[in-house]
Amino acid sequence: MASFTERMVPVLVLWLAVCLAETWAVDRGNFKTCDQSAFCKRQRALKPGESPYRALLETMELTNTRLTLQLINDNNKVRLLLELYRLQGNITRVKINELKPLKPRYEVPDVLIREPPTEPLSLLSQDENGVVLSLGSESQRVIISARPFRLDIMEGSDVLMSLNSRGLLTFEHLRMRKDTFSYKVTSTVASTTKEEEEKVEDGMWEETFKSHSDSKPNGPSAISLDFSLPGVEHVYGIPEHADTLRLKTTENGDPYRLYNLDVFQYELYNPMALYGAVPVMLAHNTQRTTGIFWLNAAETWVDISSNTAGKTVFGKMLDYVQGSSETPQTDVRWISESGIIDVFLMLGPTPKDVFSQYASLTGTQSFPPLASLGYHQCRWNYNDQEDVQSVDAGFDEHDIPYDFIWLDIEHTDGKRYFTWDPHKFATPKEMLQGLMDKKRKLVAIVDPHIKVDSNYKIHNEIRSKGFYIKNKDGGDYEGWCWPGSASYPDFFRADMRAWWASMFAYDQYEGSMENMYTWNDMNEPSVFNGPEVTMHKDTVHGAWEHRDVHNLYGFYVQMATAEGLIQRSGGIERPFVLTRAFFAGSQRYGAVWTGDNAAEWDHLKISIPMCLSLGLVGISFCGADVGGFFKSPSTELLVRWYQTGAYQPFFRAHAHLDTPRREPWLFGPENTALIREAVRQRYTLLPYWYQQFYHAHRTGEPIMRPLIQLFRKGRHVLKLSVPLMFFNSAAGRDLLVHPVTEEGARGVTAYLPGKDTVWFDIHTFQKHNGAQNLYIPVTMSSIPVFQRGGSIIPRKVRVRRSSTCMEHDPYTLYVALNLQRTAEGELYIDDGHTFNYEKKEFIHRRLSFAKNILSSVNLAPDAQFTTRSWIERVVILGASKPSKVTLQTADGQDSQLEFDFDASMSVLTLRKPGMNAGADWTVMLQ
Amino acid sequence: MSCQYLLLLLLSVGVSAVEVHRPRGVPLSKRQFYEEDKPFTCLDGSRTIPFDRVNDDYCDCQDGSDEPGTAACPNGSFHCTNAGFRPAFIPSSRINDGICDCCDTTDEYNSGASCQNTCRDLGRKERESLLKMAEIAKEGFQLKQQLIHEAKSGLEDKKLKLSEVQSSKKDLESKVEALRTVKETAEQPEKEAKERHMQAWEGKLGFESISPSTVCKDVSVAELMSHSELDPDSDSSFTEAEAQVLMGGVDKVDLAAFGAVWNNIKEKYLSEVRTYIPAPVETAQEETPVSDNDSDQYPEDDIPEEEEEEDEDDEDDDQDESDYKVRPLSFFITLGWTVLKFEISFDFGPSAEFGYLYSQCYELTTSEYIYRLCPFNRVSQKPKYGGSETNLGTWGKWAGPEDNIYSVMKYEHGTGCWQGPNRSTTVKLTCGKETVVTSTSEPSRCEYLMEFITPAVCQEPANLDSDLHEHEEL
């Protein structure tokens, strides 16, 4: 939906019109740079050098599960407590807190799915310089050096990661505020008396930004730690930023910022904060992939530097050829405003291992209802029930499938969520029933800002229960948002979340039905008149300040909403909730989108790295507003965006209130046909998407993957063709998608990886060899997609008006043979919408082709499910002509299958084998 | 449209009495291609398959013709007979999808969906509504005939007036001619200078090329400027810019551009013109939207501040009374002529049947706004509870589909939207006895849609009465 106040404040409207009309870009002045954020400026002023911290080895305690050790800052004598855990699955956890803080410091709850199970640590050696511990049974060790304190993780003779090796560990301990006199203590005084308090700097006890003042009653509390990654040239992750997949070095600009913000008309290719924050970074090279998960919910900045950053590609190639370069190394530094250091070092070694390590901490992608993988039609706003009905009818008239139609904020009674506009949506159940009759669904928006209005039930209840976030003086915090004056429920309270969830019950949420789902927008939280369009940091959540918890707000809103949708069905139905703000762990509650983008080609392009980055840190269910939210796309851009969106996990078109209508059939029959074709391709592949989501749900592996991950062994690819990643996306393991994202393109060059791999164009079945840059001529109808030789992909080619209508339809199996003439794939089937799969009600089969035999075997013999779907066709790509084809079913019956062989493309099509999709069977080519 | 459908419908009722054996989903018209026990050739001729592969739930033909009764082909279509109602084709993807599409339920033969046969019901309802519509169309069409008749006489009226105006112009010509003669003879020595001057102000009034053949010219900006009573902001200085604005920014307007200008100055003009032209233009004052109090701001005595002729001072004092009077009068006659020509220039439909809408306004009050449609003029919206009026577009053009261009009106260039287009309104016309706005909506930001009923769009109904009775007896 929307982000900002273009309608709310006339003065601002005018101002924006004057200042932004031409550039159409973010107003940077609304958002802080590191220099304007006092703690970031303070911390960043500290340069690498010898750390003042020393490990007090005599305080070391080692139990079976953890090591504790005190650290002392030799400048101020403040002691810290270091805890070190070895976690199951090759993860090391390092926690650092004050030994005796004045008051507790915030530790992030609810993000970890459980207290991570530990493994024993054992002491290998110890002297006055440090200790060496063994990390599990492998050859991994951790070396704790005492003076200065540093921590190195080794495997064999390789250093995987070093902490505080650049001496940037800082821990601003909590302190009593000095009276105003001591404000004047100068740095000279401070430095002469070492044991005295550090100098008092601006912004420690109070900070102002524009007209907003932050009272900071607890004073400075920032933390920082550096990590060195030897052998690593590139790092990825830490979404959300509108930037390339590969993170850039930040020495010459601001660090990447993680602070959930509603950024109006965001700019591309920069490190500014956006709507969500996942403090997880991946480091990748040909030998190893590792990850750093910095569990902190406060405002965070991440600096990246690299010793190879300045080198040209040629320089790197020279180094490579000569083998004489220094080891590449990337250094990273994390800075957070408050809380503690709680960091998980995920040690790989493969990308898959890192994904599973991270999933073991924060959980996997929720398994969404199948229908939510279909196409979503959204607009700010579908005006009334009649409008909804006519758009719905438009899809039938133009024979374009869709599953969800969406209602933005205007459907409510005066932006009071959980209500309906009495004139425009007088009989919502009638509308929902109309959609249900066509097996379609609706999403209605529920934002977390609550209109302050004593005639509004939701407001009255939250206020009377004391559930609102409080301002620093103890009253209910009020800000300005869509409804005007609004307050914000304190989602950090479990009792508040439980109450919120109960509001989604059918008898509470009037007009709701089981085919209505929810969208949480504006949950950064967005406060139009707050600092940086968000909440004041000195508002209070029980014992904690908003400063401590900010990045978690959206996470909790979606959590409570998803819980509400589960509860209303008695725990039976899977929820679907879309959120704009997110944090680590948000993958457990639904989908995210990249917020308020614009109808520009660059925004289409950036949707790929933005969703790839999210997928790398667990959030697979990602999409961008198809067509672009702000502004109006050209027809060409709109068509290309549909073609791209059809191959991204969350596929929703959306548009700003002020833009002309853009339902798919409004651009002439030719373009309607192009869009229809893109959407139909999506629907034929729904079985594959669904299976990919099941896989992601089970393993934590991303669905949309960059090429680096697929082919990590291709050293040359990694070394020399890094830019490829920016514009390539691959859905799952088996499809390589290179959508056209250039205006007026006549061709694209796609890198097909894998030296011994072949790729089949899924439209023409043309075979291409891997490890080449392939030039593909394109027309407006082209969506270059390739199936990997060696894979089997199930499709349902009978596209109907919604995914639910296709439930019982038969499958076509696309078997793409590799050079060894083998292929493998899976088929997953369940009811598509309940949690019964957790009770083993599903079909999961392995499909494999080898030695001219294609067979289906049960991957889950203990699971039970029956399907009416059958196999209507098998298409084998790269096949040779058989003399006969025999089907053998479970009852031992043999039958001959008719087939068709296209010699020019080597495509063998088996006609109507007819076996049930859940059965055991074998097909032999002779 | 109603008539053809009705006929089709009635035909089908008759036909369906005889069930003809054919594969599921095949229309009667294609039955001959599906002969049992003979190989089937795909309708595109691409291949031939055994007949048992027709409707065997596997797509063999690229054109989908072998599976008319299953969902196997992505491009197939299914024919529902719908006895009692209209037959229909549906995409074959709607066969057995659990949703009842054919009223005879034949599309859901294997999905478990419990569909009711609603064809007879639908047929009856449609017949009823068609009858009702036919009734309306009939009455509407009669009204339309009346409108056409009135329009004809109105047009003749106007043409008559036009010629009257033309003849009064001719009078003026002779007057000017006479003056000229007087001047020429009386002031022979100053003749050359005089002539130059004459030409100058004649030029201003648009008379520079008076000749028996070209009687009239359109109004010019300079001319308008000389009439401070038409000053739109009544700040007593009628600038060239303002005149340009009134004239739509075109120095010498064509008739289309004049329309926009005319809407701006119409009322002021009408109050003025009465003093000069005894029989005012037909436009009825009370029906035009009274725009606040503008007209009161121009009391009569303010007006005849005659045009400021700069050259007047250095001229001789031989201005005679008649000359003084002639100039304003001639202007208004010219303007009046332009107005008439403008009104006649509207496309009021093939028989001017929409003419009666001109200078009328129709309102619709919704929960929030009062919408006002003044056909061939403008559409506006005013908040119900106070607030200023917003222009949703001024008359643009007829914008219906090629075969029915007079079914949609387009009003354009209304007040601009923030970050959006200028407001515009599409008015859809449907046949009815009354003239009334039935609904308004804003399907897209600042693009309004209005439904408008008028007898003027009613088509001549086919004589159905006898047909209907005959067929109902079947």
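The values are calculated or read from the model by the stated rules, or taken from the named source; none is laboratory data. Just so you know, these numbers come straight off a predicted model, no measurement behind them. Reconstructed Cβ throughout: ideal geometry from the backbone, glycine too, with neighbour counts over all protein chains shown. In case anyone asks, the SASA skips ligands and DNA or RNA and just uses the protein heavy atoms, side chains included. Shrake-Rupley method; radii C 1.70, N 1.55, O 1.52, S 1.80 Å.
May I ask you to say which residue of B:Ser163, B:Ser168, B:Ser153, B:Ser114 is in a loop (DSSP other than H, G, I, E, B) and surrounded by fewer than 20 Cβ atoms within 10 Å (Cβ to Cβ)?
Selected residue: B:Ser114, the only one of B:Ser163, B:Ser168, B:Ser153, B:Ser114 that is in a loop (DSSP other than H, G, I, E, B) and surrounded by fewer than 20 Cβ atoms within 10 Å (Cβ to Cβ).
Looking at (1) on the phi < 0 side of the Ramachandran plot; (2) within 14 Å of chain B (Cβ to nearest Cβ), find the lone condition where A:Glu636 falls short.
(2)
Checking the condition closer than 30 Å to A:Asp396 by Cβ and more than 14 Å from chain B (Cβ to nearest Cβ), which residue from A:His844, A:His808, A:His833 passes?
The match here is A:His833.
Going through segment A:563-594 one residue at a time, which ones are of a type in the set (Ser, Thr, Tyr) and assigned to a helix (DSSP H, G or I)?
Listed by number, the list holds a single entry, A:Ser586.
So which pairs qualify, if the first residue must be in segment A:411-436 and farther than 15 Å from A:Lys451 by Cα and within 14 Å of chain B (Cβ to nearest Cβ), the second must be open to solvent by less than 10 Å² (accessible area, probe 1.4 Å) and hydroxyl-bearing (Ser, Thr, Tyr), the Cβ gap must be under 9 Å, and the two must be at least 6 apart or on different chains?
A:Phe425/A:Thr412
Please name all residue pairs, on different chains or six or more residues apart, with Cβ atoms under 8 Å, provided the first residue is in segment A:728-741 and is modelled with pLDDT under 90 and the second residue is small (Gly, Ala, Ser) and assigned to a loop (DSSP other than H, G, I, E, B).
If the second residue must be small (Gly, Ala, Ser) and assigned to a loop (DSSP other than H, G, I, E, B), no pairs are left.
With in contact with a His (Cβ under 7 Å, 6 or more places away or on another chain), basic (Lys, Arg) and at pLDDT 95 or above as the only criterion, which of A:Arg662, A:Arg652 stands out?
Result: A:Arg652 is the single residue among A:Arg662, A:Arg652 that is in contact with a His (Cβ under 7 Å, 6 or more places away or on another chain), basic (Lys, Arg) and at pLDDT 95 or above.
Just give me the residues in segment A:139-173 being open to solvent by less than 30 Å² (accessible area, probe 1.4 Å) and on the phi > 0 side of the Ramachandran plot, in sequence order.
Of everything in segment A:139-173, those that are open to solvent by less than 30 Å² (accessible area, probe 1.4 Å) and on the phi > 0 side of the Ramachandran plot turn out to be A:Asn164, A:Gly167.
Hey, does segment B:384-391 have a residue that's open to solvent by 40 Å² or more (accessible area, probe 1.4 Å), modelled with pLDDT under 90 and in contact with an Asp or Glu (Cβ under 8 Å, 6 or more places away or on another chain)?
Within segment B:384-391, one or more residues are open to solvent by 40 Å² or more (accessible area, probe 1.4 Å), modelled with pLDDT under 90 and in contact with an Asp or Glu (Cβ under 8 Å, 6 or more places away or on another chain).
Looking at segment B:58-79, can you tell me whether even one residue there is more than 30 Å from B:Glu353 (Cα to Cα), away from chain A (no Cβ under 12 Å) and not in a loop (DSSP other than H, G, I, E, B)?
Among the residues of segment B:58-79, at least one is more than 30 Å from B:Glu353 (Cα to Cα), away from chain A (no Cβ under 12 Å) and not in a loop (DSSP other than H, G, I, E, B), which makes the answer yes.
Considering only segment B:88-106, state which residues are away from chain A (no Cβ under 12 Å) and in a loop (DSSP other than H, G, I, E, B).
B:Cys102, B:Cys103, B:Asp104, B:Thr105, B:Thr106
Quick check on my filter: what residues within segment A:363-377 are of a type outside the set (Ser, Thr, Tyr) and either within 12 Å of chain B (Cβ to nearest Cβ) or farther than 25 Å from A:Ala678 by Cβ (or both)?
The answer is A:Gly363, A:Phe367.
Taking segment A:849-878 only, how many residues are open to solvent by 30 Å² or more (accessible area, probe 1.4 Å) and in a strand (DSSP E or B)?
Total meeting the criteria: 6.
Please specify each residue of segment B:430-445 satisfying the condition of being more than 11 Å from chain A (Cβ to nearest Cβ) and crowded, with 17+ Cβ neighbours inside 10 Å.
Scanning segment B:430-445 gives B:Cys431, B:Gly432, B:Lys433, B:Thr435, B:Val437, B:Thr440.
May I ask you to list the residues in segment A:472-509 that are assigned to a loop (DSSP other than H, G, I, E, B) and either open to solvent by 60 Å² or more (accessible area, probe 1.4 Å) or of a type in the set (Ser, Thr, Tyr) (or both)?
A:Lys472, A:Asp473, A:Tyr477, A:Glu478, A:Tyr488, A:Arg493, A:Tyr506, A:Asp507, A:Gln508, A:Tyr509
Look through segment B:357-368, keep the residues that are closer than 17 Å to B:Thr435 by Cβ and not acidic (Asp, Glu), and return whichever of them is surrounded by the most Cβ atoms within 10 Å (Cβ to Cβ).
B:Leu357
Could you check segment A:244-265 and list, in sequence order, the residues that are within 19 Å of A:Asn551 (Cβ to Cβ), part of a loop (DSSP other than H, G, I, E, B) and either open to solvent by less than 10 Å² (accessible area, probe 1.4 Å) or of a type in the set (A, V, I, L, M) (or both)?
Scanning segment A:244-265 gives A:Leu247, A:Pro255, A:Tyr259, A:Asn260, A:Leu261, A:Asp262, A:Val263.
Hey, among A:Ser338, A:Ser366, A:Ser324, which residue is assigned to a loop (DSSP other than H, G, I, E, B) and modelled with pLDDT under 95?
A:Ser324
Starting from residues that are more than 27 Å from A:Tyr811 (Cβ to Cβ) and among the β-branched types (Val, Ile, Thr), keep the ones in segment A:762-797 and report whichever is surrounded by the fewest Cβ atoms within 10 Å (Cβ to Cβ).
Per the criteria, the residue is A:Thr779.
Scan segment A:103-116 and tell me whether some residue there is touching a residue at least 24 places away in the same chain (Cβ under 8 Å), in a strand (DSSP E or B) and surrounded by 17 or more Cβ atoms within 10 Å (Cβ to Cβ).
No, segment A:103-116 contains no residue that is touching a residue at least 24 places away in the same chain (Cβ under 8 Å), in a strand (DSSP E or B) and surrounded by 17 or more Cβ atoms within 10 Å (Cβ to Cβ).
Between B:Tyr371, B:Tyr448, which is within 14 Å of another protein chain (Cβ to nearest Cβ) and crowded, with 20+ Cβ neighbours inside 10 Å?
The match here is B:Tyr448.
More than 14 Å from chain B (Cβ to nearest Cβ) and more than 20 Å from the chain's Cα centre (by Cα): which single residue out of A:Ile675, A:Ile606, A:Ile619 fits that description?
A:Ile675
Pick from segment A:378-410 the residues that are of a type outside the set (Phe, Trp, Tyr) and away from every other protein chain (no Cβ under 13 Å): which of them is nearest to A:Arg662 (Cα to Cα)?
Per the criteria, the residue is A:Cys378.
Taking segment A:117-138, which residues are assigned to a loop (DSSP other than H, G, I, E, B) and either in contact with a His (Cβ under 9 Å, 6 or more places away or on another chain) or open to solvent by less than 70 Å² (accessible area, probe 1.4 Å) (or both)?
Passing the criteria: A:Pro117, A:Gly136.
In this structure, does B:Cys458 turn out to be crowded, with 21+ Cβ neighbours inside 10 Å and either more than 14 Å from chain A (Cβ to nearest Cβ) or closer than 21 Å to B:Ala352 by Cα (or both)?
Criteria met by B:Cys458.
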